[in-house]
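Colleague: What follows is a single structure, and I will ask about it in a moment.
The values are calculated or read from the model by the stated rules, or taken from the named source; none is laboratory data. As the structure is a prediction and not an experimental result, all values here were calculated from the model. All Cβ positions, even for glycine, are placed from backbone atoms using ideal geometry, and neighbour counts span all protein chains on display.
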Amino acid sequence: MYADTIDTDERPFVLIWEVTQACDLACKHCRAEAEPRRHPDELTTAEGKALLEEAAAFGDGQLVVLSGGDPLARGDVPELVEYGTDLGLRMTMTPSGTNSLTADRIQALADAGLRRMAVSIDGASAVSHDEFRQETGSFQQTIEAARHAKRAGLPLQINTTVCRDTVEELPAIRDLVADLGAVLWSVFFLVPVGRGAVLDPISPEHAERVMAWLCSVQSDAPFGIKTTEAPHYRRVALQEQTDSESPGPASDGIGRRTGITAGDGFAFVSHTGELFPSGFLPESAGSVRQESLVDLYRNSALFEGLRDPDALQGKCGACPYRNVCGGSRSRAYANTNDPLESDPLCAFVPDGYDGPLPASWENSAVGD
């Protein structure tokens, strides 16, 4: 099942469930602003199983990502993975790189039916990664967890945040992704929410160069590459392919050939049951405790509006690539409080466009 072939009006390609916001790390970019204690109003095990049953109603093979915080702060995660697997869901997880991620726990998740595990590497050394994650030892724990996953037969995904603090480390991280035998490198371009609001993003021009570089890496890398909150990677890849006949973004091993955006192929259930278009776009369509997940995704005004490329405003609305890109709705919301405004990270200006440009460009460091 490919993202190109599913009808994203009817179902998300990716459904993320933030099972908890509890985490022992205090990462600089954390959207959730996680803390060690679990929230008393988290979805219970029974409510989580009901949510998974709703997810299965989207159709065969629905992809579900258990995220956090650190999902392993909950003791029922293997039970939830097994339950979802028995329902026919493709269960994956993004645990934190802490000492909770032991070989035994990873093997238990694999035995329960987990299809993929993703870990985050934001620096190519212990010094840079641990400083970003605000926890000494996190780098080594993450590397060991990646190796445990390989021994357990779990396909591995590496997630990396791109901002001023990390961008120069990308080539070395690429080498580490290959050395660890990952099947996918997910490159997340910073959205200024949560703790990440105090970090410096790279400029739009720098983002263009990074995306062109990712296209060149993809041409011979032993792993797939996707971007998160940077759907204009698809536009850059199309332009690169036209110029050089190099291949565009490849399949990532779970069927996603092309990008998805908040509310259009992507949905996020918070730890307390609120349905958001993305974890980085905190506008609620309603609660899965009171309403049907399927109905909220398909019929809420918020999600329907985000799936209409003709509703986009500014240069995103005038862009000839709006049907294949659409811009980051989360970043537009973070910068303007309007999810339909232009994505300020995209440097592309359509030919003949003379309308307003993102206000944040005035403060962009063009030369970085």
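Colleague: I'd like the full set of residues that are within 14 Å of Met93 (Cβ to Cβ) and in contact with a strand residue (DSSP E or B) (Cβ under 9 Å, 6 or more places away or on another chain), limited to the stretch 103-135.
Modeller: If the condition is that a residue be within 14 Å of Met93 (Cβ to Cβ) and in contact with a strand residue (DSSP E or B) (Cβ under 9 Å, 6 or more places away or on another chain), then Ile106, Leu109, Ala110, Ala112, Gly113, Leu114, Arg115, Arg116, Met117, Ala118, Val119, Ser120 are the ones that fit.
Colleague: Which of (1) part of a loop (DSSP other than H, G, I, E, B); (2) polar (S, T, N, Q); (3) farther than 25 Å from Phe13 by Cβ does Thr272 not meet, given it meets every other one?
Modeller: (3)
Colleague: Leu63: touching a residue at least 60 places away in the same chain (Cβ under 8 Å) and under 21 Å from Asp295 (Cβ atoms), yes or no?
Modeller: On the way: touching a residue at least 60 places away in the same chain (Cβ under 8 Å): yes; under 21 Å from Asp295 (Cβ atoms): yes.
Considered against the rule, which asks whether it is touching a residue at least 60 places away in the same chain (Cβ under 8 Å) and under 21 Å from Asp295 (Cβ atoms), Leu63 comes out as yes.
Colleague: If you scan the stretch 66-89, which residues turn out to be crowded, with 23+ Cβ neighbours inside 10 Å, farther than 18 Å from Phe266 by Cα and not hydrophobic (A, V, I, L, M, F, W, C)?
Modeller: Across the stretch 66-89, the qualifying residues are Gly69, Asp70, Pro71, Gly84.
Colleague: Quick check on my filter: what residues within the stretch 138-150 are out of contact with any helix residue (DSSP H, G or I) (no Cβ under 7 Å at 6 or more places or on another chain) and of a type outside the set (D, E, K, R)?
Modeller: Gln141, Thr142, Ile143, Ala146
Colleague: Against the condition under 23 Å from Ile16 (Cβ atoms), surrounded by fewer than 20 Cβ atoms within 10 Å (Cβ to Cβ), outside the structural domain of Pro71 (by TED's automatic domain parsing) and acidic (Asp, Glu), how does Glu304 come out, does it pass?
Modeller: The answer is yes for Glu304.
Colleague: Anything in the stretch 92-127 that is at positive phi and out of contact with any helix residue (DSSP H, G or I) (no Cβ under 9 Å at 6 or more places or on another chain)? List them, or say none.
Modeller: None - no residue of the stretch 92-127 is at positive phi and out of contact with any helix residue (DSSP H, G or I) (no Cβ under 9 Å at 6 or more places or on another chain), so the list stays empty.
Colleague: Something else now. Collect the residues in the stretch 216-226 that are more than 19 Å from Gln157 (Cβ to Cβ) and part of a helix (DSSP H, G or I), keeping them in residue-number order.
Modeller: Ser216
Colleague: While we're on this one: Quickly run through the stretch 302-355 and pick out the residues that are closer than 19 Å to Val193 by Cβ and free of Cβ contacts under 8 Å to residues at least 12 places away in the same chain.
Modeller: Asn337
Colleague: What pairs come out if I take residues in the stretch 137-148 that are in the same structural domain as Leu109 (by TED's automatic domain parsing) and pair them with residues that are assigned to a helix (DSSP H, G or I) and not hydrophobic (A, V, I, L, M, F, W, C) whose C-beta lies under 6 Å away, six or more apart or interchain?
Modeller: Between residues of the stretch 137-148 that are in the same structural domain as Leu109 (by TED's automatic domain parsing) and residues that are assigned to a helix (DSSP H, G or I) and not hydrophobic (A, V, I, L, M, F, W, C), the close pairs are Ser138/Asp130; Phe139/His129; Phe139/Asp130.
Colleague: In the stretch 189-237, how many residues are of a type in the set (Phe, Trp, Tyr), surrounded by fewer than 22 Cβ atoms within 10 Å (Cβ to Cβ) and within 18 Å of the chain's Cα centre (by Cα)?
Modeller: 1
Colleague: Let me ask another. Across the stretch 67-116, what is the total count of residues that are free of Cβ contacts under 8 Å to residues at least 12 places away in the same chain and of a type outside the set (D, E, K, R)?
Modeller: Of the residues in the stretch 67-116, 1 are free of Cβ contacts under 8 Å to residues at least 12 places away in the same chain and of a type outside the set (D, E, K, R).
Colleague: Scan the stretch 90-115 for residues that are under 13 Å from Glu144 (Cα atoms), of a type in the set (A, V, I, L, M, F, W, C) and surrounded by fewer than 19 Cβ atoms within 10 Å (Cβ to Cβ) and jot them down.
Modeller: Matches in the stretch 90-115: Ala103 only.
Colleague: Moving to a separate point now. For Val177, are the conditions met, namely being in contact (Cβ under 8 Å) with a residue 24 or more places away in the chain, in a helix (DSSP H, G or I), within 18 Å of the chain's Cα centre (by Cα) and buried (at least 22 other Cβ atoms within 10 Å of the Cβ)? Please lay out each step first, then the result.
Modeller: Working: in contact (Cβ under 8 Å) with a residue 24 or more places away in the chain: yes; in a helix (DSSP H, G or I): yes; within 18 Å of the chain's Cα centre (by Cα): yes; buried (at least 22 other Cβ atoms within 10 Å of the Cβ): yes.
For Val177, the condition - in contact (Cβ under 8 Å) with a residue 24 or more places away in the chain, in a helix (DSSP H, G or I), within 18 Å of the chain's Cα centre (by Cα) and buried (at least 22 other Cβ atoms within 10 Å of the Cβ) - is met.
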